[in-house]
Amino acid sequence: MKRERYTYLSTVTFALKSLLSGLKVTLTEFFTPKVTEQYPENRKTLKISERHRARLTMPHDENGANRCIACGLCQNACPNGSISIVTKSVTDEETGKSKKVLVSYEYDLGCCMFCQLCVNACPKNAIEFCNDFENAVYDRKKLVQKLNR
Amino acid sequence: MYDFSIITTAIDQFLRSLMPSALATFLECVLIAVCVLVAYVLLAIVMIFMERKVCAAFQCRLGPMRVGFWGLLQVFADVFKMIIKEIIDFKRTDNLLYNLAPFLVVLSSVLTFSCLPFANGIEVLDFNVGLFFIMATSSFGVLGIMLAGWSSNNKFSMIGAMRSGAQMVSYELSIGLSMLTLVALSGTLQLSEIVARQADMWFIFKGHLPALTAFIIYLIAGNAETNRGPFDLPEAESELTAGYHTEYSGMGFGFFYVAEFMNLFIVSGIAATIFLGGWMPLHVPGLDAFNATMDYIPGPVWFFGKTFFVIWLLMWIKWTFPRLRIDQVITLEWKYLMPIGLVNLLIMTLCVVMGWTF
């Protein structure tokens, strides 16, 4: 802003104007609907953003199959080591080549810091974060989840 | 218009018929003291609740909602907590002054509170220099604040108290000048008279421009007087922990807290009385049917309605503006508010002398 030399009266009018514009802002705020979420009561109407990262899941299709190819990229990408993948080798009957398949996908929610690096690393979009955020349990053993079925 | 003096005289006569006159007077004094204190505490609770809700609304929140319906019991829970807390004695404080200070603050605000005319006939103290008395009693609250800061033996408290002293002594002038402007208009210092003379029109309309200017100056100075709003630097949380009441716990702190809120009520009550007509209903000259309808609304409703409206205005100011620096506070008073107030007083006097008022 250009610094001008204010006279006494222009200072007063300028001050009044700026004060009134401030008061206008808070007055409109006074009458806008309030943003407070009353959480346990409003469970039914609660809206969580789609991008919210609450828990890692592995979507399964109607046949119970997932898209995981057990490549281990997510396990390597995880900074906290909260993902551990158990694999086994299966020999394909047609080609005779051995192939890694997923036995169990273990995810420790207690270690996860929700950075989404695993989801970004996955080449098959086999894992994703869901909105289900009510994850508190009394035993941390319960936080270790097996994601594949 | 409802006249509550009928009820009070009836009680008076009933008591005098039962017992000797001196005893009746004594009993009435006790009764009035109890009434004033109960009203004081109840209003303080209402004010604290209102502050929390209004503040929340200005910040786009809901405020306390959990304790009781709509958070109504929250303040009672807070007060109860305050009462059961331990009052700590410190080794190196000046114990007498330390314990005296909260009482001085509360005493000042209770005294001022009891002078307010709540309705036609409900006024504890009504004499010919009422407004002057209000100014006198409300201004010795700063003594308690200074004592609290001094006796706490704590640098934060001391700085807070000194700031409060500088600020309150300065802004007392502006409050006095804007009151004086209205006294020039009303021609009396007696509160009941001031209200009665607004029967045809409230002073803020009667005195048009100078009265409006005085009202604005009064609001600004009133906010400073109660150590609130943008002028809360005596207890600036971010700089001085809690300012002059840093060392107080339990009800010692509670007294300061309640007195602060009640000073807000008192400042608003005085503004409602001298600018907005106190318990006087809204009267527009010429509209007799309208005026008669307005008279059906009892005086206390008008008084409290106006007072809470002014309180809301002050809270609006408080929750809008950031805190001023001490030099800005003093500059605002001595370079702007007081000269404008003086000129305003002159203009008002001119208006009254020339008959330019409505």
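The values are calculated or read from the model by the stated rules, or taken from the named source; none is laboratory data. Treat the numbers as computed from the prediction; the structure is a model and nothing was measured. Neighbour counts run over all protein chains shown; Cβ positions are idealised from the backbone, glycine included. When the accessible area is computed, the model is the full protein with side chains, heavy atoms only, and any ligands, DNA or RNA have been set aside. Shrake-Rupley method; radii C 1.70, N 1.55, O 1.52, S 1.80 Å.
How many percent of all Cα-Cα pairs in the protein assembly as shown sit more than 41 Å apart?
Tail of P(r) above 41 Å: 42 percent of Cα pairs.
Within segment A:55-146, count lysine pairs with alpha carbon atoms under 18 angstrom apart where the residues are 8 or more positions apart or belong to different chains.
Lysine pairs, 8 or more places apart or on different chains, close enough: 6.
Using amide H atoms built 1.01 Å from N in the peptide plane, name the residues 5+ places from A:Q145, or on other chains, whose amide H lies under 5 Å from its own.
It is A:Y107, A:D108, A:L109, by chain and number.
From the backbone phi of segment B:298-303, what are the Karplus-calculated ³J(HN,Hα) couplings (6.51 cos²θ - 1.76 cosθ + 1.60, θ = phi - 60°) in whole Hz, Gly and Pro given as x?
3J(HN,Hα) across segment B:298-303, in whole Hz: x, x, x, 4, 4, 4.
Using the heavy atoms of the protein chains and a 1.4 angstrom probe, tell me the accessible area per residue for chain B in square angstrom.
That works out to 46 Å² for each residue.
Under a Cβ-only charge scheme (Lys and Arg +1, Asp and Glu -1), can you give me the dipole magnitude of segment B:81-354 about the Cα centre, in debye to the nearest 20?
420
How high is the relative contact order of chain A, given as a whole-number percent (alpha carbon pairs under 8 Å, six or more residues apart)?
Relative contact order comes out at 26 percent.
Putting +1 on Lys and Arg Cβ atoms and -1 on Asp and Glu Cβ atoms, find which of B:T241, B:F140, B:A184 reaches farthest to the positive end of the dipole of segment B:81-354.
B:T241
Which whole-Hz couplings ³J(HN,Hα) result when phi for each residue of segment B:182-198 is put into the Karplus expression 6.51 cos²θ - 1.76 cosθ + 1.60, θ = phi - 60°, listed in order with x for Gly and Pro?
Going residue by residue, I get 6, 5, 4, 6, 7, x, 8, 9, 6, 5, 5, 5, 4, 5, 4, 6, 9 Hz, with x marking Gly and Pro.
Long-range amide H contacts for A:T57: which residues qualify at under 5 Å (H placed 1.01 Å from N, peptide plane, sequence gap of 5 or more or a different chain)?
Sorted by chain and number, the residues that satisfy this are A:E128, A:F129, A:C130.
Treating cross-link reach as a plain straight distance, find the lysines whose alpha-carbon is under 28 Å from the alpha-carbon of B:K85, omitting any fewer than eight places away in the same chain.
Within reach: B:K53, B:K155.
For segment B:51-89 and segment B:312-326, what is the separation of their Cα centres, given in Å?
Distance between centres, Cα-based: 21 Å.
If packing is taken as the average number of other Cβ atoms within 10 Å across a peptide's residues, how do B:310-321, B:67-78, B:340-351 rank, most packed first?
B:310-321, B:340-351, B:67-78
Normalised by the number of residues in segment B:82-228, what is the relative contact order in percent for Cα pairs under 8 Å and 6+ residues apart?
Relative contact order, segment B:82-228: 24 percent.
For chain B, go through all pairs of different Cα atoms, get the mean of 1/r, take its inverse, and jot down that Kirkwood value in Å.
So the Kirkwood estimate lands at 21.6 Å.
What aspartates and glutamates could a cross-link reach from A:K34, if we take a straight Cα to Cα line under 19 Å and drop same-chain neighbours fewer than 8 places away?
B:E51
What's the carbon and sulfur percent of segment A:55-146's accessible surface, probe 1.4 angstrom, rounded to a whole number?
Taking all protein chains in place, segment A:55-146 shows 47 percent carbon and sulfur surface.
According to a simple spin-label model (label point 7 Å from Cα along Cα-to-Cβ), what is the distance in nm between B:L96 and B:I7?
That separation, rounded to one decimal, is 4.4 nm.
Over the heavy atoms of B:D126, what accessible area does a 1.4 Å probe trace out, to the nearest 10 Å²?
60
Can you tell me the 0 to 90 degree angle between the C-alpha axis of helix A:8-31 and the longest principal axis of chain A, rounded to 10?
40
Report the normalised scattering of segment A:55-146 as log10 I(q)/I(0) at q = 0.15, 0.26 Å⁻¹, calculated by the Debye formula with identical scatterers on the alpha carbons.
After summing over all Cα pairs, the log10 values are -0.62, -1.47.
What average count of beta carbons from other chains do you get within 10 Å of the Cβ of residues in B:51-63?
For peptide B:51-63, the averaged partner shielding equals 3.
Quick one: accessible area per residue over segment A:55-146, 1.4 Å probe, rounded to a whole number of Å²?
The answer is 65 Å² per residue.
Let me check against my output: what whole-number percent is the relative contact order of chain B, with C-alpha pairs under 8 Å and at least 6 apart?
Relative CO of chain B lands at 22 percent.
Between segment B:239-275 and segment A:88-129, what is the C-alpha centre distance in whole Å?
64
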